[in-house]
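Some notes on the structure that comes next.
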Amino acid sequence: MKNNKKIKATAFILIGGQSKRFGSIKWKEKINGIMILDHIWNCCKNFRSRHIIGKSNFTNNDYDYIRDQLIIQSPISGLYTALSHSKTEWNMILSCDLPLLSWSILEKIWEKADKKFDVIIPFVNNKHQYTCALYSKKCLPVIKSSINSGFYSMHNVVEQLKSSNIAFDNEIGFLNMNTRKDYKKIKAIAK
């Protein structure tokens, strides 16, 4: 797939976390002089559309912003909001704490999209990457049911869906930034 070809899916970047362990708003931090949110947004430029989902007021007019529909603090809230607003069958759900994400990762996930699955999930270092995954809009009833039952675990939701795993070998694009120590390590790797 050429880097200028549009992907027939929507990208949603989740910025609704409280960043308690980090101590400040993660997506505003910079790696090599580029704000993390700008980097992830640019990685998604080939999607049919792209949106930011968050809890608070967001006033940057460079981004299409959707306010999270639920007050719960869990990625499932952003997933629910994304699929409720989506106009495409497939939807890339991305966390803002993946500052080294690359276009090639997103492209590889998209290439595995298949109607016989509900979700396409990267599997890296023995962990599923639920917030860097491709979800079908048909997942919405399972997500609603889980939320209504008080179960907010992404793992539990995916267990109820037809999923396909994609193995990635020690991919640095999946390094998760939750603490200042993580941020320092990621900045060193990105130099």
Karplus (6.51, -1.76, 1.60) ³J(HN,Hα), θ = phi - 60°, over region 136-149, in Hz, Gly and Pro reported as x: 7, 4, 5, 6, 3, x, 5, 5, 4, 4, 5, 5, 4, 8
Solvent accessible area, Å² - Phe12, 1.4 Å probe, full protein context: 0
Structure-derived Cα Rg over 2.2 N^0.38 Å: which label, when the choices are [x] 1.10; [y] 1.99; [z] 0.96: [z]
Extension gain (nm, one decimal) between Glu111 and Lys8, 0.36 nm per residue minus Cα-Cα: 36.0 nm
DSSP bridge orientation in region 41-135 - percent antiparallel, rounded to nearest 5: 75
Residue with peak Gaussian network fluctuation, the chain [Cα springs, cutoff 10 Å], from Trp27, Trp41, Trp103: Trp103
DSSP bridge orientation in the chain - percent antiparallel, rounded to nearest 5: 35
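The values are calculated or read from the model by the stated rules, or taken from the named source; none is laboratory data. In this text the structure is predicted, and so the values were computed from the model without any measurement. These accessible areas exclude ligands, DNA and RNA; they are computed on the full protein's heavy atoms, side chains included. Shrake-Rupley method; radii C 1.70, N 1.55, O 1.52, S 1.80 Å.
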